[in-house]
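Below you'll find the structure, written out as structure tokens, and then a few comments.
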């Protein structure tokens with residue numbers, strides 16, 4: 001009897017289990033599907049022979065004639081060309097100044113010279129001795145007659161009144177580009193070149209190219225009232241490398257050029273990026289571009305001086321002052337079309353500044369966080385951050401943690417030894433953790449103003465929540481403080497005598 | 001000549017008596033609320049007009065025997081007092097005294113409605129809704145109160161007591177959990193004077209009406225909810241029709257999430273069949289699964305309630321369950 005009951009119980013259990021399994025894992029449904037699949041297989045096996053049929057794809061001769069092949073090929077070509085235009089990079093901008101100069105060099109015909117009266121080197125007047133390194137070819141040959149008159153009343157006089165006419169007699173390449181160097185325009189070749197000999201290439205009248213240029217273009221030598229543009233002060237601390245290491249002619253043409261200021265390429269951008277190709281990548285290809293370089297009038301020269309300045313990176317002004325020269329008003333953002341805040345006003349009104357702005361020399365000013373040439377992060381930040389009010393900050397490579405320790409937000413309780421991690425704590429409870437690492441993490445910017453604030457610790461006066469500005473009402477005490485923002489009512493904290501606001 | 005002066009004297013006397021009659025203020029008059037009015041907030045402002053010549057003190061007594069004494073002085077004509085209400089009918093007496101003798105007695109019946117309790121949701125027909133903020137009433141108040149809205153759109157008050165609304169309405173935000181726009185006195189962000197499809201009758205009656213349904217205003221801040229909810233399959237009716245304020249008190253509340261009552265009480269207010277009887281599985285011990293009164297393991301520090309298993313707004317599971325599988329639901333608390 002007992003055995004029977006136990007058997008019955010086991011049977012019931014198995015049955016119950018089967019029903020449960022049947023329900024939870026929906027075996028019925030699966031069985032049904034299996035039946036359908038099997039049916040399909042059987043059906044396809046039965047009808048396999050008729051699965052494929054021949055398809056008629058022949059084209060009649062008449063049809064072929066109607067197709068205008070030449071038209072098709074023309075269309076194809078034009079579309080291909082368009083594609084090629086898109087794919088092919090634009091011709092690189094290289095300066096081939098040396099080639100140009102080579103063409104300009106005249107070849108002297110010695111036979112022509114022989115006909116003239118040759119003056120031997122030892123017979124030259126004393127003022128030409130000792131001879132210098134580079135000699136003008138007619139001078140070296142002793143063919144003084146090419147330029148000077150020997151038959152007239154006063155021997156030694158020039159055969160022509162205008163010097164340029166004599167020069168252009170041999171140097172036949174006329175300077176015909178858009179802008180001419182003033183001495184070239186006036187035909188004063190001998191202002192720069194010595195017609196006989198020099199120790200410097202190109203028969204220059206000075207000991208180097210730069211010194212020759214500076215003999216006229218030094219800002220110090222001229223009165224301040226003259227146009228500033230044409231004069232440079234090369235005595236300043238930071239100098240543009242090409243000028244120091246090579247010469248002015250790295251960027252400028254000596255005689256004539258198609259670009260303003262006798263530049264070899266467009267001064268606003270192309271010329272600079274010809275060398276600075278690392279910035280070129282940023283400026284042209286980054287996701288977020290700085291209007292200051294991309295859409296401004298003077299492009300690179302908006303912030304940089306191409307010759308020499310007092311400031312690092314050849315900036316025209318102090319790093320922060322450079323930025324504020326544009327951001328002293330609300331500026332339209334290229335990023336989203338919104339208006340960027342008047343940063344100068346913000347900094348003027350709020351005395352507590354973020355360290356990189358406050359300690360410009362050590363930290364680098366605005367460009368410590370923003371990349372002025374463009375970036376793939378919003379607000380041209382050098383590293384990523386979040387625009388959202390709520391954000392998970394833990395284990396994310398956010399920008400703030402480049403300088404501020406991540407422990408600030410990850411340690412829930414702080415031992416006395418670690419007190420330097422954060423001052424925002426109630427006893428040993430880390431209130432940063434509570435605000436940032438809890439279920440709803442809040443962005444640093446919810447409470448802190450990353451630029452400047454009236455309050456200590458860069459606490460904001462207003463936090464922006466969905467377009468509404470709520471005051472934080474932060475009050476600091478000796479060992480703590482209190483906040484009464486929109487998020488909660490007035491809560492106090494104290495590092496020494498905890499107020500117990502862990503909940 | 002004589003008849004002329006006679007006529008003049010009669011004219012003078014009649015004019016004088018008329019002016020006396022007109023100039024004579026009532027000894028005591030309750031300006032607000034009017035008799036048989038409906039209140040939606042648990043506080044009503046009594047505005048009493050009293051003449052110091054005939055009344056020297058006014059006592060307002062509620063039906064719970066709370067009494068408030070107002071001293072009448074000759075410099076003022078109107079006096080205000082906020083009176084707490086309980087749900088249903090409140091009979092409030094206003095009595096004017098002169099040297100401890102009753103001069104005049106008035107009474108007001110005010111019905112406090114509830115958005116949750118069916119008992120108090122529909123007041124008897126004799127009651128009418130109070131519309132306070134109209135030109136006529138505001139003229140009376142303007143002698144003492146600044147009746148203009150001094151709120152800057154989108155910027156909260158640094159000092160909330162500077163808000164012109166604060167003085168009379170401060171009681172609406174006194175509860176433990178305060179809703180940010182309310183406790184920062186950004187009143188006009190909801191009280192925009194517009195009406196919705198459910199409160200067309202309020203149109204043009206008050207300056208600060210709130211549209212019903214209020215949903216769109218809520219979603220202007222709670223954007224994420226709108227996004228997420230629209231993707232879900234099942235919706236709770238009040239949430240779906242945008243009547244958030246049915247369950248939530250948009251000013252302040254004693255309960256979490258600004259609920260008008262604790263979650264369990266709130267739900268069972270409508271779903272009365274769930275109060276008793278067999279809700280959820282019957283276990284071997286013949287006891288049903290508890291729905292309240294024990295700790296909720298899925299929400300640390302909170303008590304078990306309907307919202308432990310049900311999502312009060314939206315869900316992809318039938319019965320608005322928090323999880324679409326039985327295992328997923330139970331394992332929220334019963335871990336291993």
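All of the numbers you see were taken from the coordinates with simple rules; none came from a lab. Please read these numbers as outputs of a predicted model, since none were measured by experiment. Heads up, the Cβs are rebuilt from the backbone with ideal geometry, glycines too, and the neighbour counts pull from every protein chain shown.
Report, to the nearest 10°, how far helix B:2-23 tilts away from the longest principal axis of the Cα atoms in chain B, using its own Cα long axis and a range of 0 to 90°.
Orientation of helix B:2-23: about 20 degrees from the principal axis.
Fewest Cβ neighbours within 10 Å first, please rank B:95, B:58, A:331, B:280 accordingly.
B:280, A:331, B:95, B:58
From the helices alone, meaning DSSP H stretches of at least four residues, give me the mean residue ellipticity at 222 nm for chain B, per-run term -39500 (n - 2.57), in deg cm²/dmol to the nearest 500.
Theoretical 222 nm ellipticity from helices: -6000 deg cm²/dmol.
Using the number of other C-beta atoms within 10 angstrom as an exposure proxy, rank B:111, B:68 with the fewest first.
Least crowded to most crowded, the residues run B:68, B:111.
What is the order of A:124, A:203, A:8, fewest Cβ neighbours within 10 Å to most?
So the residues, fewest neighbours to most, are A:8, A:124, A:203.
Rounded, prolate or oblate: which one fits region B:275-336, using the alpha carbon gyration tensor with axes a ≥ b ≥ c (rounded when a/c is under 1.5, else prolate when a/b beats b/c, else oblate)?
It is rounded, given that a/c, with a ≥ b ≥ c, falls under 1.5.
How crowded by other chains is B:151-159, given as the mean number of beta carbons from other chains within 10 Å of each beta carbon?
Mean inter-chain Cβ contacts per residue within 10 Å come to 4.
Need one word for region A:356-503: rounded, prolate or oblate. Basis is the Cα gyration tensor (sqrt eigenvalues a ≥ b ≥ c); a/c below 1.5 gives rounded, then a/b vs b/c decides.
The shape class here is prolate.
Which shape class applies to chain B: rounded if a/c is under 1.5, otherwise prolate when a/b exceeds b/c and oblate if not, where a ≥ b ≥ c are the square roots of the Cα gyration tensor eigenvalues?
In terms of gyration-tensor shape, prolate.
What does the structure give for A:409-422 when I average, per residue, the other chain Cβ atoms found within 10 Å of the residue Cβ?
0
With N set to the number of residues, divide the alpha-carbon radius of gyration of region A:298-421 by 2.2 N^0.38 Å and report two decimals.
Working it through for region A:298-421, the quotient is 1.27.
Let me have the relative contact order for chain B, percent, based on Cα pairs under 8 Å that are six or more residues apart.
In percent, rounded to a whole number, it is 11.
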